[in-house]
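What follows is calculated from the coordinates using simple rules that are stated; it is not laboratory data. Model, not experiment: these values are computed from the prediction. In this analysis, Cβ positions are derived from the backbone assuming ideal geometry, glycine residues included, and neighbour counts consider all displayed protein chains.
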Amino acid sequence: MSVSTEQMLKAILDYSPENIVLMDRDHKVICYNERIRQTLYNFHGRYLEVGCDYRDFVVEMAMPTYLDAFAKALNGEITEVELHTIAENYRHWFHYRVNPVYTPDGILIGVSLSAENISERKTAQQELAESEGKFRALVEQSLVGVFILHEWRFIYVNPAFEDMIAITTADLIKSYTFNDFIHDDDLERLTDSCRDVIAGTQEKCHLIVSAVRADGIVRSLEIKISLIRYNGNSALLGSALDITERIDEEIRINEAVDRGQELERSQIGMELHDNVKQQLVVTALNLQLFMETLPEKQLEHPLLQKTIGYLQQAINDVRQLSHRIAPAIDEDTGILVKVKDLVEGMNVKSNLHVSLEIEDSFGNTNPEMQRVVYRIIQEQFSNIIKYAHASAVQIKVQKNAGHLVVAITDNGVGTNLSEKISGIGLHNIRRRVQVLGGSVQIQTSPGNGFYLTAYIPL
């Protein structure tokens, strides 16, 4: 059975997913497929036929666009446009393509119009736009800072983040990168975590970092960052919560607890020194006076000599005990002794080998500086005991190039700081040092111990 060219063309047109019609130069219909015939019937209530004027099926609102595209097609141009067709109980979006049709010899014989129904796509786009609008409104009103980064530059920030950094949104997007506001102590750790998120080796990063505002004020931020698609590109979506007050309040509470404990220890120490020790001394003196009344032969009695020895040992023990439980920072006790007492008190069960090197001249620094150093050692030594599984710790305090350098190292299990949130205890150390204008450097990796160095300007 032979099939004519016209039949083949008709079959091709009918199986096309688009609405297609071919017209001559005068808008008269030459041929069409069944899909456009049914579409026009659904809208107009009448069928398209060969020889009719296609303009009779063009709605009034679309007529100028149609006539312009038809004229361009007669001049050899192709026009593509999206139009919304609206009537009673009929609302559809179409993507129209109007182009010239030529014979094999290159002679213009008419114009073809194809129309693809894109209503589902447009509806999805509209729903997405509405959803994005609601999300943006929610984010704009949020108290949590929200930002989007592309290649480390800001492409979106909400008002809350703008307030945290103290720079306008326009300036942030135009002139700054995310790294411009991260304290040097945290920059490497944060960028490593972000690179892991971009590479897909880490789903998200969750860190506490110090951010330096435009006005120079240092704030503590809890940052969460994950990977998203934004305008067709990979981007980082971040949230930032200002926890400065929480960190400072924790420091204040810890200081209050420490002062309370120091006051209690001081009272106990004074009681031992001024009362118990004095009673022992008086007892020893009375015994000495009593011995002077005894015959010389009885002075050599073993029980008497043991009693004198016990009394003297008890006096020495009470003196040492009252000294050890004295306040951590005072004017009468050297810093080396205080740190030794601290380490010995905390190292009762851990059996760590601890090496202490504290420069003698450090004892001449002001009590507040000594207190900060003491707290740094206390905080980090506590971390080592809890988490490091170390056998040796080295603590050094020395002056170097106008800075007080506090270095605390251990040979424990180490950690990968980019894989987990940095602990509050460690951030407390950073904040104490940063408030004094200093910085903290950390070196660690799994299996290679932990190295913490604090630099405090003198």
Original post:
Once the dipole of the chain is set up with Lys and Arg at +1 and Asp and Glu at -1 on Cβ about the Cα centre, which of 435, 293, 104 lies farthest towards its positive end?
Top reply: 293
**OP:** Could I have the simple spin-label model distance between residue 136 and residue 292, label points 7 Å from Cα toward Cβ, reported in nm to one decimal?
**Re:** 9.8
**OP:** Identify the chymotrypsin sites (Phe, Trp or Tyr not before Pro) of the range 23-77 meeting these criteria: DSSP loop state and at most 15 other C-beta atoms within 10 Å of the C-beta.
**Re:** 47
Original post:
Over the Cα atoms of the range 219-298, what is the Rg over Rh ratio if Rh follows Kirkwood?
Top reply: 1.68
**OP:** Rounded to the nearest 0.05, what FRET efficiency do residue 170 and residue 241 give with R0 = 22 Å and r taken as the Cβ-Cβ distance? Could you check?
**Re:** 0.40
Subject >> residue 264-residue 126 pseudo-label distance in nm [points 7 Å out on the Cα-to-Cβ vector] >> reply: 6.9
Original post:
Where Lys and Arg each count +1 and Asp and Glu each count -1, what net charge lies around residue 210 among other residues with Cβ under 10 Å from its Cβ?
Top reply: 0
**OP:** Can you quote the Å³ per residue value for the convex hull of the Cα atoms in the range 125-192, rounded to an integer?
**Re:** 111
Original post:
How much length, in nm to one decimal, is gained on full extension between residue 337 and residue 382, taken as 0.36 nm per residue of separation minus their Cα-Cα distance?
Top reply: 14.4 nm
Subject >> Cβ-derived FRET efficiency at R0 56 Å, residue 371 paired with residue 199, nearest 0.05 >> reply: 0.85
**OP:** Could you pull out the pairs from 174/224; 277/338; 122/224; 204/338; 134/204; 224/340 whose alpha carbons sit more than 32 Å apart here?
**Re:** 122/224; 204/338; 224/340
Original post:
How many angstrom lie between the C-alpha centres of the range 354-386 and the range 114-181?
Top reply: 46
Original post:
Where Lys and Arg each count +1 and Asp and Glu each count -1, what net charge lies around residue 62 among other residues with Cβ under 12 Å from its Cβ?
Top reply: -2
Original post:
Considering only DSSP beta bridges whose two residues both sit in the range 333-458, what percent are antiparallel, to the nearest 5?
Top reply: 80
**OP:** Determine the percent antiparallel among the DSSP beta bridges restricted to the chain, to the nearest 5.
**Re:** 95
Original post:
What translational diffusion coefficient, in µm²/s and rounded to a whole number, does the Stokes-Einstein relation yield for the range 93-150 at 37 °C and a viscosity of 0.692 mPa s, taking the hydrodynamic radius as the Kirkwood radius over Cα pairs?
Top reply: 209
**OP:** Please give the contour-minus-distance gain from residue 249 to residue 319: 0.36 nm per residue of separation, less the Cα-Cα distance, rounded to one decimal in nm.
**Re:** 21.5 nm
Subject >> Size descriptor, Kirkwood hydrodynamic radius, that averages inverse alpha-carbon separations across the chain, Å >> reply: 30.4
Original post:
Average projected area of the Cα convex hull of the range 333-458, in nm²?
Top reply: 7.4
Original post:
Over the chain, what is the relative contact order in whole percent, taking alpha-carbon pairs under 8 Å and six or more residues apart?
Top reply: 8
Original post:
How high is the relative contact order of the range 333-458, in percent, counting Cα pairs under 8 Å that sit 6 or more residues apart?
Top reply: 24
Original post:
So what's the convex hull volume per residue for the Cα atoms of the range 21-160, in Å³?
Top reply: 175
Subject >> Loop-located GluC sites (Glu not before Pro) in the range 70-144 whose Cβ has at most 16 other Cβ within 10 Å (DSSP) >> reply: 77, 88
Original post:
So for the range 142-242, what are the equivalent ellipsoid semi-axes in whole Å, largest first, each being the square root of 5 times an eigenvalue of the Cα gyration tensor?
Top reply: 20, 16, 12
Subject >> Farthest toward positive dipole pole in the chain [+1 Lys/Arg, -1 Asp/Glu at C-beta], among 67, 387, 144 >> reply: 387
Subject >> Extension gain, residue 81 back to residue 46 (0.36 nm per residue minus Cα-Cα distance, nm) >> reply: 10.1 nm
**OP:** Lys and Arg at +1, Asp and Glu at -1: add these up for the other residues within a Cβ distance under 9 Å of residue 19 and post the number.
**Re:** 0
Original post:
Taking the Cβ-Cβ separation of residue 445 and residue 257 as r and a Förster radius of 51 Å, what is the calculated FRET efficiency to the nearest 0.05?
Top reply: 0.95
Original post:
Across the range 194-207, in residue order, what do the Karplus-derived ³J(HN,Hα) couplings come to in whole Hz, using 6.51 cos²θ - 1.76 cosθ + 1.60 with θ = phi - 60° and x for Gly and Pro?
Top reply: 5, 5, 5, 5, 5, 6, x, 7, 9, 5, 7, 10, 9, 9
Original post:
For all pairs of alpha-carbon atoms in the range 93-211, what percent lies in each bin of width 10 Å, listed from the first bin to the last filled one?
Top reply: 11, 25, 23, 13, 11, 11, 6, 1
Subject >> Loop-located chymotrypsin sites (Phe, Trp or Tyr not before Pro) in the range 76-166 whose Cβ has at most 13 other Cβ within 10 Å (DSSP) >> reply: 152
